[in-house]
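Written out below as structure tokens is the structure these notes cover.
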Amino acid sequence: MVNNLKLQFAFFWVGQDILIPQALVDSIRYVYGNEAYIYQLSDNKTASINDVNEVLRDELPNDIMLARLRAYSLVVTQNTTLFLDADSLVIQKLKLPDFNKFIACLVKRDDQTSIINHNYPEYYPEFVNQKFIDIMPIFFGLIITPDGGKLFNGLFEIALKLPERFHRWYGDQMVIAEEYKKNKEKYFLLPQKEYLFITRNSFNRDELVDLIRIGVKIITFKGPYSKEFIPQTLKELLGE
């Protein structure tokens, strides 16, 4: 694996509260400075985030899963781009493989046991008594590829054929799982504990130093308090 110092970043965000995506951009700039080129992918109403290089906009579908896939497909350059959830922070530089051998880098779940709640956020008969690892083994929160336009256009077309409930929830993970299962040899799997460290808490400076020491590159925040935890952790990262 080699260092990739001029990585492109892309994130999807719609809505006028831009505190969370601004924190992501600030973390990327802290780690990469001007070496990173950052795309904001949004509808025509969302405000521009400070310090992004380019805002790509479109009339997006109303359903959030379709909207994100469509927005990701707007990045059509041939440069390696890291597509990541906006509720994330980058805490150190990444190391990537040779993309002449792979379509994309994906992150596979570590959790082998968790059962999907088939009644949340609505009823999904496909999920009754099913594990996440079996149905949705790949996280959509981090995908790195040099050809996002082609990859995400294809995933968008697959998603359109799913039942409408998947247009509202889970559709992104369902389509990337289908693509991965068909072409496993074409994808490079990154360790979740390093490239998509999931947390429901904030971190202080010492804790962040420990995470960096053990190789964590990206933290992604889940749960109802993420709006509070993300800015807190960013301040600690920046030493403020």
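The values are calculated or read from the model by the stated rules, or taken from the named source; none is laboratory data. This one's a predicted model, so the numbers in the text were calculated from it and none came from an experiment. Counting neighbours? That spans all protein chains shown, and the Cβs are built from the backbone with ideal geometry, glycine included. Heavy atoms of the whole protein, side chains included, go into the accessibility calculation; ligands, DNA and RNA do not. Shrake-Rupley method; radii C 1.70, N 1.55, O 1.52, S 1.80 Å.
Full-extension gain between residue 213 and residue 117, please, as 0.36 nm times their residue separation minus the C-alpha to C-alpha distance.
Values: separation 96, 0.36 × 96 = 34.56 nm, distance 3.50 nm.
Between residue 213 and residue 117, full extension yields an extra 31.1 nm.
Would you please classify the overall shape of the chain from the alpha carbon gyration tensor, given that a ≥ b ≥ c denote the square roots of the eigenvalues, rounded means a/c under 1.5, and beyond that prolate means a/b larger than b/c while oblate covers the rest?
Working: a/c = 1.30, a/b = 1.24, b/c = 1.04.
Rounded, because the longest to shortest axis ratio a/c is under 1.5.
How big is the C-alpha Rg of segment 93-158 next to the rule-of-thumb value 2.2 N^0.38 Å, as a ratio? Numbers along the way, then the final one.
Numbers: Rg = 15.1 Å, N = 66, 2.2 N^0.38 = 10.8 Å.
Its radius of gyration relative to the 2.2 N^0.38 Å reference: 1.40.
How large is the convex hull of the C-alpha atoms of segment 1-110 per residue, in Å³? Intermediate values should be presented prior to the final figure.
Numbers: hull volume 13.2 nm³, N = 110.
In segment 1-110, the Cα hull volume divided by residue count equals 120 Å³.
Once you list every other residue whose beta carbon is under 10 Å from the beta carbon of residue 234, what net charge do they have if Lys and Arg are +1 and Asp and Glu are -1?
-2
Quote the relative contact order of segment 1-60 in percent (integer), defining contacts as alpha-carbon pairs under 8 Å separated by 6+ residues. Could the numbers behind the result be given before it?
Numbers: 87 pairs, mean separation 22.6, N = 60.
Across segment 1-60, relative contact order equals 38 percent.
Cut-off 14 Å, label point 7 angstrom out along Cα-to-Cβ of residue 101: give me the residues of segment 167-203 whose amide nitrogen falls inside.
Zone members listed by number: 185-190.
Only Lys, Arg, Asp and Glu count, each charged at its Cβ (+1, +1, -1, -1), so figure out the dipole size of the chain about its Cα centre, rounded to 20 debye.
500 debye
Mind checking the per residue accessible area of the chain for me, 1.4 Å probe, whole number of Å²?
For the chain, the per-residue accessible area is 48 Å².
Rounded, prolate or oblate: pick one for segment 115-240, where a ≥ b ≥ c are the square roots of the eigenvalues of its C-alpha gyration tensor, a/c under 1.5 means rounded, and failing that, prolate if a/b is larger than b/c, else oblate.
Values: a/c = 2.19, a/b = 1.57, b/c = 1.40.
Prolate shape, in that a/c is at least 1.5 and a/b is the bigger ratio.
What number, in percent, do you get for the relative contact order of the chain if the mean sequence gap of Cα pairs under 8 Å and at least 6 apart is divided by its residue count? Could the numbers behind the result be given before it?
Values: 464 pairs, mean separation 56.1, N = 240.
Answer for the chain is 23 percent.
Quick check: residue separation of residue 44 and residue 162 times 0.36 nm, minus the Cα distance between them. What number comes out in nm?
Working: separation 118, 0.36 × 118 = 42.48 nm, distance 2.61 nm.
Contour length minus Cα-Cα distance gives 39.9 nm.
Which GluC sites (Glu not before Pro) from segment 1-97 combine a DSSP loop assignment with at most 10 other Cβ atoms within 10 Å?
Values: sites: 35, 54, 59; in loops: 59.
Sites meeting the loop and neighbour criteria: 59.
Ranked from highest to lowest mean number of other Cβ atoms within 10 Å per residue, what is the order of the peptides 17-27, 223-233? All intermediate terms of the calculation are to be shown ahead of the outcome.
Details: 17-27: 19.9, 223-233: 16.3.
Those peptides, ordered most packed to least, come out 17-27, 223-233.
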